[in-house]
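The values are calculated or read from the model by the stated rules, or taken from the named source; none is laboratory data. This is a predicted model, so every value here is computed, not measured. Reconstructed Cβ throughout: ideal geometry from the backbone, glycine too, with neighbour counts over all protein chains shown. SASA here: full protein model, heavy atoms, side chains in, ligands and nucleic acids out. Shrake-Rupley method; radii C 1.70, N 1.55, O 1.52, S 1.80 Å.
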Amino acid sequence: MKLWLFTLTFLAVLVPSHVAVQRALCPALLPVNASASVSEGLSEDQLNQLLALFQKSYPDIDFQSSWYNDTINAQALRFDESKLIIVYGGLVRESTTTPDSLALMICHEVGHHKGGAPYFRDADGRDTWASAEGAADYYSIRGCFTRIASMMKTPAARLSERDEALLEQTCANSAKPTVCRRALQSGALMAKLQWNVFPNNQPVPALDAEDSNVPATTLLGYPSPQCRLDTFRASALLQKRPSCWYRPL
């Protein structure tokens, strides 16, 4: 294995995500590192099978598992022109993780490499290689999940009648309503995961809600859990980026 891979893996494991974005530029799925104390989610085999699909779809990115790391997170890294994504075992084993939600969360990391502007900026105010959090979320469905989902054999998840009706209504006019429902269900799980692990006093993100906050400038860091869900919805329905994080120039 190349020396740079050891170096970047070391950084990703030991540097907290909020520091890594500033110094090592390792954009993470969640703004804090929590640890999984349960093993009710997915198995290592399921993770490896999913990573194999991603590796086939994105051969220019190296997808790595850090199965024995209990951190509930994933990170994107780059060294010169080499691209890397690390998925930690704690995220996979987290009790609410499903095959679809894990695929979407990995797609978010792909979005840091491929999501385009707006980008994180360096200390001199120049664009870096990494797409900002909202850009990665926006890319994750329309640019990635729709591709990966078509290759996955995922059983239909059991939802409450209310949630099923909301998904049906939201995706009614989508070109691919089944993929849309899978994507938004996964987006809701991902937003709820951030809501659970990140200290906040915000309401639980919901498909029938919307973040009405409008920042003065485009937010490059983590939007609220509801804003992230709004972004997934906009991406799935091919709508413009929501104003809860994006301010066009």
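Those residues that are open to solvent by 10 Å² or more (accessible area, probe 1.4 Å) and assigned to a helix (DSSP H, G or I), I need them from the stretch 93-121; list them, please. Residues satisfying the conditions are 93, 99, 100, 113, 114.
Filtered by the rule that a residue be modelled with pLDDT of 95 or more and either assigned to a loop (DSSP other than H, G, I, E, B) or among the charged types (D, E, K, R) (or both), the stretch 79-92 gives a lone residue, 83.
Within the stretch 231-249, the residues that satisfy the criterion of being charged (D, E, K, R) and either part of a loop (DSSP other than H, G, I, E, B) or open to solvent by less than 10 Å² (accessible area, probe 1.4 Å) (or both) are 240, 241, 247.
Go through 33, 73 for me and flag whichever is open to solvent by less than 10 Å² (accessible area, probe 1.4 Å) and at pLDDT below 95.
Values: 33 fails: open to solvent by less than 10 Å² (accessible area, probe 1.4 Å).
The match here is 73.
Restricting the first member to the stretch 64-93 and to residues that are among the acidic types (Asp, Glu), and the second to residues that are open to solvent by 10 Å² or more (accessible area, probe 1.4 Å), the beta-carbon pairs closer than 8 Å and six or more apart or on different chains are 70/35; 70/36; 70/37; 70/93; 80/4. The requirement of being at pLDDT 95 or above, open to solvent by 20 Å² or more (accessible area, probe 1.4 Å) and more than 24 Å from residue 162 (Cα to Cα) is satisfied by residue 214.
If you check residue 150 against the conditions, is it among the polar types (S, T, N, Q), out of contact with any Cys (no Cβ under 7 Å at 6 or more places or on another chain), crowded, with 22+ Cβ neighbours inside 10 Å and over 23 Å from residue 44 (Cβ atoms)? Judged against the criteria, residue 150 is not a match. Within the stretch 206-249, the set of residues being polar (S, T, N, Q), touching a residue at least 40 places away in the same chain (Cβ under 8 Å) and more than 24 Å from residue 125 (Cβ to Cβ) comprises 231, 235.
Among the candidates 192, 176, the residue that is open to solvent by 30 Å² or more (accessible area, probe 1.4 Å), in contact (Cβ under 8 Å) with a residue 24 or more places away in the chain and farther than 21 Å from residue 143 by Cβ is uniquely 192.
In the stretch 129-143, what residues are in contact with a Leu (Cβ under 8 Å, 6 or more places away or on another chain), assigned to a helix (DSSP H, G or I) and buried (at least 24 other Cβ atoms within 10 Å of the Cβ)? Spell out the reasoning first.
Here is the first cut: in the stretch 129-143, the residues in contact with a Leu (Cβ under 8 Å, 6 or more places away or on another chain) are 129-130, 132-134, 140-142.
Keeping just the survivors that are assigned to a helix (DSSP H, G or I) gives 133-134, 140-142.
Scanning the stretch 129-143 gives 133, 134, 140, 141.
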